[in-house]
Amino acid sequence: MPESPPPAHTATGPGRVIIALYAVMALAATGRSSVQIAEYFGRAPLAYVLSAVAALIYLVATGAIIRGGRRAVRIATASCAIELAGVLAIGVLSYAVPRLFPDKTVWSHFGSGYGYVPLVLPILGLWWLRRFRTSAPAPAAAPE
Amino acid sequence: MLAPLSTAVIVVAVAVLLLAALYAARDRLINDALLGAVALLEVALIAQAAIGVARIGDLSAEKATFAAYLFSLPFIPPLTTLLAIKEKSRWAMVTIGVGAFAVAVMTVRLGQIWSAHA
């Protein structure tokens with residue numbers, strides 16, 4: 001049961017800004033990963049594959065938030081969650097085992113090369129998407 | 001020719017950012033003046049891409065990264081403007097601002113590559 005009437009669509013109001021941020025990140029990550037993979041894949045294969053994965057997830061999130069609707073909200077929520085897990089895991093790893101990351105990825109050092117947008121954006125996304133999860137099957141967690 | 005143009009791009013991008021902030025403060029929507037400023041930014045970005053591609057041979061390294069920035073940049077203003085134009089609230093201006101800010105930051109990076117390797 002929603003406490004307040006939910007906004008009409010995921011792509012309205014603050015959703016527009018979140019889409020813009022996601023689209024820009026998708027563009028940046030796609031650009032970076034294609035350059036890295038095409039030009040010097042051998043230098044840091046793990047980092048570069050991760051850049052490509054990040055790019056793909058940003059694209060999925062952008063599309064799903066634009067689309068809206070129950071299924072898209074679930075897909076968008078999942079991509080935001082994967083992103084948050086990714087940026088946290090890679091962030092810790094890049095400090096703990098720097099030799100795994102001889103070159104930067106979008107997610108290394110918690111996205112510091114991108115003004116920490118990669119860290120903040122999934123949190124913003126999850127916050128925004130939360131209000132659209134009407135009658136979503138809640139898996140026995142966090143009482144609303 | 002590229003460095004002064006990049007500086008101009010950054011100046012126009014910051015101007016669009018400030019204009020969007022002003023509009024947001026006054027609760028105004030996209031109008032011809034703002035669209036004109038965005039169009040000017042777009043023309044500058046396309047010119048930058050054309051000149052950058054023509055001069056790419058001058059770079060001693062980072063050619064691919066440079067090209068990626070050159071080609072990505074002109075997509076940003078149309079994308080964020082398209083998103084903002086249908087939004088009838090202050091969030092439209094925040095969307096425009098995000099695009100302008102991204103253009104400014106990416107152009108600064110582009111300029112850094114150029115001055116380091118050309």
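Values quoted throughout were computed directly from the atomic coordinates according to the rules given, and no laboratory measurement underlies them. Keep in mind that this is a model prediction, so the values were computed, not measured. Virtual Cβ from ideal backbone geometry, glycine too; neighbours counted across all protein chains shown.
In the calculated pair-distance distribution of chain A, the portion above 27 angstrom amounts to 26 percent of the Cα-Cα pairs. Against the main long axis of the alpha-carbon atoms of chain B, helix B:2-25 sits at an angle near 10°.
Enter the angle in degrees (range 0 to 90, nearest 10) between the Cα long axis of helix A:70-96 and the first principal axis of the Cα atoms of chain A, meaning the one along which they spread out most. The angle comes out at about 40 degrees. Kirkwood hydrodynamic radius of the protein assembly as shown, from the reciprocal of the average inverse Cα-Cα distance over all distinct pairs: 19.5 Å.
Any idea what angle helix A:117-130 forms with the longest principal axis of chain A, computed on alpha-carbon atoms, 0 to 90 degrees, nearest 10? Compared with the principal axis, the helix lies near 20 degrees. What does a probe at B:LEU22 reach in the range B:67-105, counting residues whose amide N is under 15 Å from the point 7 Å along Cα→Cβ? From the range B:67-105, the list is B:97.
Summarising the overall dimensions of the range B:2-117 from its C-alpha atoms, the Rg and Dmax are 14.7, 48 angstrom. Protection proxy ranking for A:21-30, A:65-74, A:39-48, using the average of other Cβ atoms within 10 Å per residue and placing the highest first: A:21-30, A:65-74, A:39-48. Peptide B:87-96 shows a mean partner chain C-beta count of 5 within 10 Å per residue C-beta.
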